[in-house]
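Asker: Please see the structure below; I have some questions.
The values are calculated or read from the model by the stated rules, or taken from the named source; none is laboratory data. Nothing here was measured: the structure is a model prediction, and the numbers come from that model. Cβ sites come from the backbone with ideal geometry, for glycine too, and all protein chains shown count toward neighbours.
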Amino acid sequence: MKTSTAKTPRSKTVSHDDWWRGAVIYQVYPRSFQDTNGDGIGDLKGITQHLPYIAGLGVDAIWLSPFFTSPQADMGYDVSDYCDVDPMFGKLADFDGMLKAAHDLGLKVIIDQVISHTSDQHPWFKESRKSRDNPKADWYVWAEPKPDGTAPNNWLSVFGGPGWEWEGQRKQFYMHNFLASQPDLNFHNHEVQAALLDTIKFWLERGVDGFRLDTVNYYFHDKELRNNPPQVFDEDTAGLDASDVNPYGMQDHLHDKTQPENVEFLKRLRALLDKYENRTTVGEVGDGHRSLKTVGTYTSGGDKLHMCYTFDLLGPAFTPSHIRDCVTAFDKAVTDGWVCWAFSNHDVIRHVTRFSHTVEEQPKVAKLSVAILSALRGSICLYQGEELGLSEAELAFEDLRDPYGIRFWPSFKGRDGCRTPMVWKSGDETGGFSSGKPWLPVPKEHTALAVDAQEKDEDSVLNLYRAVLSFRKTHPAMIDGDMAFLKTNEDVLAFTRTKGEDRMVFMFNLRRGAQEVQLPHHMTVAEVLPMPGCSGTVADGIVSIGALDGFCGRLG
């Protein structure tokens with residue numbers, strides 16, 4: 001076994017301004033966290049109620065999915081007022097109270113910003129669609145039909161079908177990357193950029209600590225509206241699937257997103273944030289096989305985004321080679337940027353379902369997953385409920401609320417299975433989420449894993465998460481230390497993390513059977529470290545690791 005020559009960039013001492021570097025971020029999906037008024041939908045007061053629980057996990061920040069005023073066609077990702085709270089979640093005063101309570105507990109607060117598009121109910125779009133000569137006529141992407149009345153070009157919607165919708169008042173098409181009720185803003189118009197930056201300033205002035213930028217590479221479109229070419233499937237696009245349920249993946253999206261003009265806007269955004277102390281941004285990049293290149297561009301130079309995350313670890317693969325390839329590819333593409341890793345979020349099947357071979361092994365997979373995630377170099381995002389080992393919920397078609405799932409059923413069941421309510425009480429039909437009927441069903445198998453039940457079990461997934469995050473805080477190398485992979489067989493993920501005198505080695509066995517691994521001849525383990533979830537041992541240079549288990553040691 002040899003040490004890989006590929007290493008991550010040199011360590012940087014984390015300053016007060018760099019609190020986000022190596023931070024653990026807990027994602028809250030407000031609709032599903034806690035309902036306090038019995039309407040079956042979570043709210044801001046519910047988040048405030050459980051902030052001590054979140055702080056008790058040992059995380060550094062929370063990320064709130066959208067809570068802005070919205071018709072909820074896409075569960076809040078269709079905003080009709082960027083500067084107010086939707087009544088279903090409460091009032092601005094409730095947000096302010098939640099923010100203060102979080103800060104009092106030492107938690108930073110990051111909020112979603114969905115600025116690539118608005119709802120068609122936003123006042124800006126209502127005015128824009130009226131005519132071709134009103135003050136906001138050019139605030140959205142409008143185009144003439146072809147002579148035969150068809151759409152201006154071949155661009156597709158992520159949610160299925162053409163990326164254009166006819167508007168009879170203007171007798172033009174407007175562009176929408178997502179639902180037809182989510183028209184795309186025209187970022188080529190500087191008035192649009194200024195208005196959006198004003199909405200971000202609104203929340204900065206209220207004291208939020210950062211922004212998760214939804215679809216950050218979708219802001220600009222090609223001014224010439226050129227057709228996208230078909231996707232060529234070769235070794236560079238091996239992760240893409242031409243037979244996917246959505247034909248969106250059959251195009252190479254050269255012209256409808258990831259335009260070069262986006263870089264200058266991100267600089268304007270960063271300049272605004274830099275006027276405030278200790279703020280951060282994390283961008284969501286979905287750019288197919290070019291995602292890492294895009295991340296590198298968006299995070300380089302210290303004048304754009306602070307960090308980004310991609311969908312690399314949000315797929316079905318859970319192998320040492322896949323994780324190693326994702327990390328090394330990031331290091332190769334991103335020279336001075338920072339990454340945020342996650343195994344689950346509100347858009348993908350929960351990872352214990354994706355990674356487990358059987359239901360019985362799900363708790364062990366959950367424990368191993370957080371141990372791996374916490375040891376990777378980068379910041380990490382945890383999605384509500386993963387600390388309980390929640391699996392993907394199986395829902396009937398009539399229970400679905402996700403427009404994407406409804407559109408592609410039954411080939412794809414949508415995203416509602418990972419969005420079901422958080423479970424707090426094991427003896428309650430709704431898991432303690434609501435006194436009314438929850439907006440999505442609460443599976444019985446979830447209520448058995450509720451917080452109150454796991455609190456009493458020393459060996460629970462919840463208590464393991466707390467212990468792992470506590471262990472991580474005591475080792476600077478795990479926060480922002482250098483990282484180098486060790487070559488092993490295909491079932492063991494092995495690497496070192498070093499920062500100053502803090503030198504650690506990690507080995508994770510993803511095989512469903514025990515393994516023995518020979519340490520490199522130049523490497524000596526001075527001490528086996530008690531990392532929770534890792535019970536591997538070492539003797540005479542041989543590391544012994546059980547199935548779905550790990551090893552952590554201090555290097556001599």
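Asker: Pairs under 8 Å by beta carbon, first residue surrounded by fewer than 16 Cβ atoms within 10 Å (Cβ to Cβ) in the stretch 423-446, partner aliphatic (A, V, I, L, M) and not in a loop (DSSP other than H, G, I, E, B), six or more apart or different chains?
Answerer: Lys425/Val451
Asker: Looking for something surrounded by fewer than 22 Cβ atoms within 10 Å (Cβ to Cβ), under 23 Å from the mean Cα position of the chain (by Cα), outside any loop (DSSP other than H, G, I, E, B) and not polar (S, T, N, Q) - is there at least one such residue anywhere in the stretch 35-52?
Answerer: yes
Asker: Before we move on, is Lys171 among the basic types (Lys, Arg) and at positive phi?
Answerer: Details: among the basic types (Lys, Arg): yes; at positive phi: yes.
When the stated conditions are applied, Lys171 passes them.
Asker: Let me ask another. Just name the residue that is surrounded by the fewest Cβ atoms within 10 Å (Cβ to Cβ) out of those in the stretch 205-214 that are in contact (Cβ under 8 Å) with a residue 24 or more places away in the chain and outside any loop (DSSP other than H, G, I, E, B). Even if it seems obvious, please write down each step before you answer.
Answerer: Initial filter on the stretch 205-214 (in contact (Cβ under 8 Å) with a residue 24 or more places away in the chain): 206-214.
Next cut, outside any loop (DSSP other than H, G, I, E, B) only: 206, 210-213.
Values: Arg206: 14, Gly210: 26, Phe211: 25, Arg212: 25, Leu213: 24.
If we take residues in the stretch 205-214 being in contact (Cβ under 8 Å) with a residue 24 or more places away in the chain and outside any loop (DSSP other than H, G, I, E, B), then Arg206 is surrounded by the fewest Cβ atoms within 10 Å (Cβ to Cβ).
Asker: Mind telling me which of the residues Ala55, Ala23, Ala102, Ala61 ends up being of a type outside the set (S, T, N, Q), modelled with pLDDT of 95 or more and either farther than 29 Å from Trp341 by Cα or surrounded by fewer than 20 Cβ atoms within 10 Å (Cβ to Cβ) (or both)? Let's see the steps before the verdict.
Answerer: On the way: Ala23 fails: either farther than 29 Å from Trp341 by Cα or surrounded by fewer than 20 Cβ atoms within 10 Å (Cβ to Cβ) (or both); Ala102 fails: either farther than 29 Å from Trp341 by Cα or surrounded by fewer than 20 Cβ atoms within 10 Å (Cβ to Cβ) (or both); Ala61 fails: either farther than 29 Å from Trp341 by Cα or surrounded by fewer than 20 Cβ atoms within 10 Å (Cβ to Cβ) (or both).
None of the other options fit; the residue is Ala55.
Asker: Hey, can you tell me all the residues within the stretch 216-238 that are at pLDDT 95 or above, assigned to a loop (DSSP other than H, G, I, E, B) and over 20 Å from Trp142 (Cα atoms)? Give the steps one after another, and end with the answer.
Answerer: From the stretch 216-238, those at pLDDT 95 or above are 216-230; that's our starting set.
When the remaining residues are screened for being assigned to a loop (DSSP other than H, G, I, E, B), the result is 216-229.
Passing the criteria: Val216, Pro229.
Asker: If a residue counts only when it is assigned by TED's automatic domain parsing to the domain that holds His253 and within 25 Å of the chain's Cα centre (by Cα), which strands (runs of 3 or more DSSP E) contained entirely in the stretch 95-204 have at least 1 such residues?
Answerer: Values: elements: 108-113, 164-167, 172-175.
Once the strands (runs of 3 or more DSSP E) in the stretch 95-204 are filtered for at least 1 residues that are assigned by TED's automatic domain parsing to the domain that holds His253 and within 25 Å of the chain's Cα centre (by Cα), what remains is 108-113.
Asker: Mind checking which residues of the stretch 405-452 are at pLDDT below 95 and among the small types (Gly, Ala, Ser)?
Answerer: Gly405, Ser411, Gly414, Gly427
Asker: If I filter the stretch 259-311 down to residues being closer than 19 Å to Asp347 by Cβ and part of a loop (DSSP other than H, G, I, E, B), which single residue comes out as farthest from the chain's Cα centre (by Cα)?
Answerer: Asp287
Every residue, every condition in (1) among the β-branched types (Val, Ile, Thr); (2) buried (at least 19 other Cβ atoms within 10 Å of the Cβ); (3) under 15 Å from Gly378 (Cα atoms); (4) in contact (Cβ under 8 Å) with a residue 40 or more places away in the chain, yes or no:
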position: Met307; (1), (2), (3), (4): no, yes, yes, yes
position: Leu313; (1), (2), (3), (4): no, yes, yes, no
position: Ala317; (1), (2), (3), (4): no, no, no, no
position: Val327; (1), (2), (3), (4): yes, yes, yes, yes
position: Gly337; (1), (2), (3), (4): no, yes, yes, yes
position: Trp341; (1), (2), (3), (4): no, yes, yes, yes
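Asker: Name the one entry in Thr319, Thr280 that is more than 30 Å from Phe202 (Cβ to Cβ), assigned by TED's automatic domain parsing to the domain that holds Gln113 and β-branched (Val, Ile, Thr).
Answerer: Only one candidate qualifies: Thr319.
Asker: Name, by its number, the condition in (1) under 30 Å from Tyr29 (Cβ atoms); (2) outside the structural domain of Ile54 (by TED's automatic domain parsing); (3) without any contact (Cβ under 8 Å) to a residue 12 or more places away in the chain that does not hold for Lys456.
Answerer: (2) is the only condition that Lys456 fails.
Asker: Tell me the residue from Gly161, Gly149 that is surrounded by fewer than 14 Cβ atoms within 10 Å (Cβ to Cβ) and either of a type in the set (Ser, Thr, Tyr) or on the phi > 0 side of the Ramachandran plot (or both), please. First the steps, then the outcome.
Answerer: Numbers: Gly161 fails: surrounded by fewer than 14 Cβ atoms within 10 Å (Cβ to Cβ).
Going through Gly161, Gly149 in turn, the sole match is Gly149.
Asker: Also, quick follow-up: Tell me, which residue of the stretch 315-342 that is in a loop (DSSP other than H, G, I, E, B) and more than 19 Å from the chain's Cα centre (by Cα) is modelled with the lowest pLDDT?
Answerer: Here the answer is Thr335.
Asker: Then there is this: Just to be sure before I move on: is Gly536 farther than 17 Å from Gly385 by Cα, loosely packed, with under 14 Cβ neighbours inside 10 Å, over 25 Å from the mean Cα position of the chain (by Cα) and small (Gly, Ala, Ser) in the structure I sent? Talk me through it step by step, then tell me what you get.
Answerer: On the way: farther than 17 Å from Gly385 by Cα: yes; loosely packed, with under 14 Cβ neighbours inside 10 Å: no; over 25 Å from the mean Cα position of the chain (by Cα): yes; small (Gly, Ala, Ser): yes.
Here the answer is no, as Gly536 does not meet what is asked.
Asker: Another question about this same structure. Can you run down the residue pairs with Cβ atoms below 7 Å, 6 or more apart or on separate chains, where the first is in the stretch 353-377 and assigned by TED's automatic domain parsing to the domain that holds Val339 and under 27 Å from Thr328 (Cβ atoms) and the partner is among the hydroxyl-bearing types (Ser, Thr, Tyr) and assigned to a helix (DSSP H, G or I)?
Answerer: Phe355/Ser369; Val370/Tyr465
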